[in-house]
Amino acid sequence: MDELIACAVKAREYAYAPYSKFKVGAAVQTKSGRIFSGCNIEDSSYGLSNCAERTAIFKAVSEGEQQLTTIAVVADTTEPVSPCGACRQVMAEFGIEQIILTNLSGKRKILTLEEILPFRFANGDIVKDGEKNND
Ligand code: THU
(Lines give C-alpha, C1' and ligand atoms only; values in the text may rest on other atoms or scores of the structure.)
Protein backbone atom coordinates (compact mmCIF):
# COMPACT_ATOMS: atom_id res chain seq x y z
CA MET A 1 0.00 0.00 0.00
CA ASP A 2 2.87 2.37 0.83
CA GLU A 3 4.47 1.68 -2.55
CA LEU A 4 1.22 2.41 -4.38
CA ILE A 5 0.81 5.70 -2.53
CA ALA A 6 4.44 6.65 -3.23
CA CYS A 7 3.82 6.06 -6.96
CA ALA A 8 0.73 8.29 -6.82
CA VAL A 9 2.69 11.04 -5.05
CA LYS A 10 5.43 10.81 -7.70
CA ALA A 11 2.91 10.92 -10.56
CA ARG A 12 1.30 14.02 -9.05
CA GLU A 13 4.54 15.90 -9.74
CA TYR A 14 3.86 15.43 -13.46
CA ALA A 15 0.33 16.86 -13.28
CA TYR A 16 -0.50 19.29 -16.06
CA ALA A 17 -2.92 21.61 -14.28
CA PRO A 18 -2.22 25.17 -15.47
CA TYR A 19 -5.92 26.14 -15.24
CA SER A 20 -7.08 24.79 -11.88
CA LYS A 21 -3.58 24.61 -10.34
CA PHE A 22 -4.94 21.54 -8.52
CA LYS A 23 -2.46 18.72 -8.99
CA VAL A 24 -3.61 15.13 -8.51
CA GLY A 25 -1.72 11.84 -8.67
CA ALA A 26 -3.01 8.29 -8.82
CA ALA A 27 -1.61 4.78 -9.00
CA VAL A 28 -3.47 1.58 -9.75
CA GLN A 29 -2.43 -1.98 -8.91
CA THR A 30 -3.23 -4.85 -11.26
CA LYS A 31 -4.21 -8.36 -10.20
CA SER A 32 -0.91 -9.50 -11.70
CA GLY A 33 0.97 -7.15 -9.36
CA ARG A 34 1.93 -4.33 -11.72
CA ILE A 35 1.50 -0.64 -10.88
CA PHE A 36 0.48 2.08 -13.31
CA SER A 37 0.47 5.72 -12.26
CA GLY A 38 -1.16 8.82 -13.70
CA CYS A 39 -1.72 12.52 -13.19
CA ASN A 40 -4.45 14.94 -14.17
CA ILE A 41 -4.01 16.47 -17.61
CA GLU A 42 -5.96 19.64 -18.31
CA ASP A 43 -6.75 21.42 -21.56
CA SER A 44 -7.54 25.02 -22.51
CA SER A 45 -10.86 23.52 -23.64
CA TYR A 46 -11.61 22.67 -20.01
CA GLY A 47 -14.05 19.81 -20.63
CA LEU A 48 -11.30 17.77 -22.26
CA SER A 49 -9.33 17.55 -19.03
CA ASN A 50 -8.62 14.07 -17.70
CA CYS A 51 -8.43 13.14 -14.03
CA ALA A 52 -5.40 11.39 -12.55
CA GLU A 53 -7.39 8.25 -11.71
CA ARG A 54 -8.59 7.75 -15.27
CA THR A 55 -5.12 8.45 -16.66
CA ALA A 56 -3.71 5.65 -14.47
CA ILE A 57 -6.54 3.22 -15.26
CA PHE A 58 -6.40 3.89 -19.01
CA LYS A 59 -2.64 3.38 -18.99
CA ALA A 60 -3.11 -0.03 -17.35
CA VAL A 61 -5.87 -1.09 -19.74
CA SER A 62 -3.94 0.09 -22.78
CA GLU A 63 -1.02 -2.07 -21.65
CA GLY A 64 -3.21 -5.18 -21.57
CA GLU A 65 -4.21 -5.15 -17.89
CA GLN A 66 -7.98 -5.27 -17.34
CA GLN A 67 -8.12 -6.78 -13.88
CA LEU A 68 -7.36 -4.04 -11.41
CA THR A 69 -7.57 -4.34 -7.64
CA THR A 70 -6.59 -1.15 -5.82
CA ILE A 71 -6.16 2.53 -6.60
CA ALA A 72 -4.48 5.27 -4.57
CA VAL A 73 -5.21 8.94 -5.19
CA VAL A 74 -3.44 11.94 -3.70
CA ALA A 75 -3.72 15.72 -3.77
CA ASP A 76 -2.66 18.63 -1.60
CA THR A 77 -5.93 18.80 0.33
CA THR A 78 -6.76 19.08 4.03
CA GLU A 79 -8.72 15.84 3.98
CA PRO A 80 -7.93 12.83 1.75
CA VAL A 81 -8.98 13.74 -1.80
CA SER A 82 -12.24 12.27 -3.07
CA PRO A 83 -12.54 10.96 -6.66
CA CYS A 84 -15.15 12.43 -9.01
CA GLY A 85 -18.19 10.45 -10.10
CA ALA A 86 -16.85 9.73 -13.57
CA CYS A 87 -13.69 8.17 -12.13
CA ARG A 88 -15.72 6.11 -9.67
CA GLN A 89 -17.70 4.65 -12.57
CA VAL A 90 -14.48 3.77 -14.43
CA MET A 91 -13.09 2.17 -11.25
CA ALA A 92 -16.22 0.02 -11.13
CA GLU A 93 -15.81 -0.98 -14.78
CA PHE A 94 -12.44 -2.55 -14.07
CA GLY A 95 -13.31 -4.08 -10.71
CA ILE A 96 -11.23 -1.87 -8.45
CA GLU A 97 -12.46 -2.98 -5.03
CA GLN A 98 -10.18 -0.95 -2.81
CA ILE A 99 -9.84 2.82 -3.05
CA ILE A 100 -7.18 4.60 -1.00
CA LEU A 101 -7.73 8.33 -0.61
CA THR A 102 -4.81 10.34 0.71
CA ASN A 103 -3.32 13.79 0.93
CA LEU A 104 0.25 15.04 1.00
CA SER A 105 0.34 14.98 4.80
CA GLY A 106 -0.33 11.25 4.71
CA LYS A 107 -3.89 11.24 6.02
CA ARG A 108 -5.63 8.14 4.63
CA LYS A 109 -9.14 6.90 4.08
CA ILE A 110 -9.65 3.40 2.69
CA LEU A 111 -12.98 2.64 1.06
CA THR A 112 -14.56 -0.21 -0.85
CA LEU A 113 -16.13 0.23 -4.28
CA GLU A 114 -19.53 -0.42 -2.74
CA GLU A 115 -18.98 2.40 -0.26
CA ILE A 116 -17.81 4.87 -2.88
CA LEU A 117 -20.33 4.00 -5.60
CA PRO A 118 -23.44 2.19 -4.37
CA PHE A 119 -26.27 1.38 -6.82
CA ARG A 120 -23.88 1.76 -9.73
CA PHE A 121 -24.65 1.05 -13.35
CA ALA A 122 -22.91 -2.12 -14.42
CA ASN A 123 -22.26 -4.36 -17.39
CA GLY A 124 -25.06 -6.74 -16.41
CA ASP A 125 -27.60 -3.92 -16.51
CA ILE A 126 -27.25 -3.71 -20.30
CA VAL A 127 -28.71 -7.19 -20.77
CA LYS A 128 -32.48 -7.20 -20.29
CA ASP A 129 -34.20 -9.94 -18.26
CA GLY A 130 -34.60 -13.12 -20.29
CA GLU A 131 -32.16 -11.98 -22.96
CA LYS A 132 -28.88 -13.71 -23.68
CA ASN A 133 -25.65 -11.87 -24.14
CA ASN A 134 -23.84 -13.76 -26.91
CA ASP A 135 -20.37 -12.30 -26.25
N1 THU B 1 -9.17 15.90 -10.49
C2 THU B 1 -8.54 14.69 -10.50
O3 THU B 1 -7.59 14.48 -11.26
N4 THU B 1 -9.00 13.72 -9.68
C5 THU B 1 -9.96 13.91 -8.73
O6 THU B 1 -10.26 12.99 -7.99
C7 THU B 1 -10.65 15.19 -8.62
C8 THU B 1 -10.34 16.18 -9.68
C9 THU B 1 -8.63 16.96 -11.35
C10 THU B 1 -9.47 17.37 -12.52
C11 THU B 1 -8.96 18.78 -12.75
O12 THU B 1 -7.78 18.72 -13.52
C13 THU B 1 -8.60 19.28 -11.37
O14 THU B 1 -8.45 18.12 -10.57
C15 THU B 1 -9.61 20.21 -10.75
O16 THU B 1 -10.88 19.68 -10.79
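The values are calculated or read from the model by the stated rules, or taken from the named source; none is laboratory data. Owing to the predicted nature of the structure, the values given are computational and were not obtained by experimental measurement. Cβ placement follows ideal geometry from the backbone for every residue including glycine, while neighbour counts extend to all protein chains displayed. Side chains included, ligands, DNA and RNA excluded: accessible areas come from the protein's heavy atoms. Shrake-Rupley method; radii C 1.70, N 1.55, O 1.52, S 1.80 Å.
For this structure, a couple of remarks:
- For the chain, the solvent-accessible area works out to 59 Å² per residue, with a probe of 1.4 Å and every protein chain left in place.
- Fraction of accessible area attributable to carbon and sulfur, the chain (%, probe 1.4 Å): 51 percent
- Loop-resident sites, the range 1-60, for GluC sites (Glu not before Pro), counting at most 13 other Cβ within 10 Å (DSSP): GLU13
- For the range 2-53, applying the loop criterion from DSSP together with a ceiling of 15 other beta carbons within 10 Å to the chymotrypsin sites (Phe, Trp or Tyr not before Pro) yields TYR14, TYR19, PHE22.
- Residues of type aspartates and glutamates that LYS31 reaches as a straight line, Cα spacing below 18 Å, ignoring anything fewer than 8 places off in the same chain: ASP2, GLU3, GLU53, GLU63, GLU65, GLU93, GLU97
- When only Cα pairs below 8 angstrom with a gap of at least 6 residues are kept, the chain shows a relative contact order of 19 percent.
- Computed FRET value (nearest 0.05) for VAL127 with GLN89, which takes r as the C-beta separation and R₀ as 22 Å: 0.75
- Within the chain, the longest segment free of exposed loop sites, counting trypsin sites (Lys or Arg not before Pro) that fall outside DSSP classes H, G, I, E and B and have at most 10 other Cβ atoms within 10 Å, spans 22-127.
- Our Cα-only numbers for the chain put the radius of gyration and Dmax at 15.4, 51 Å.
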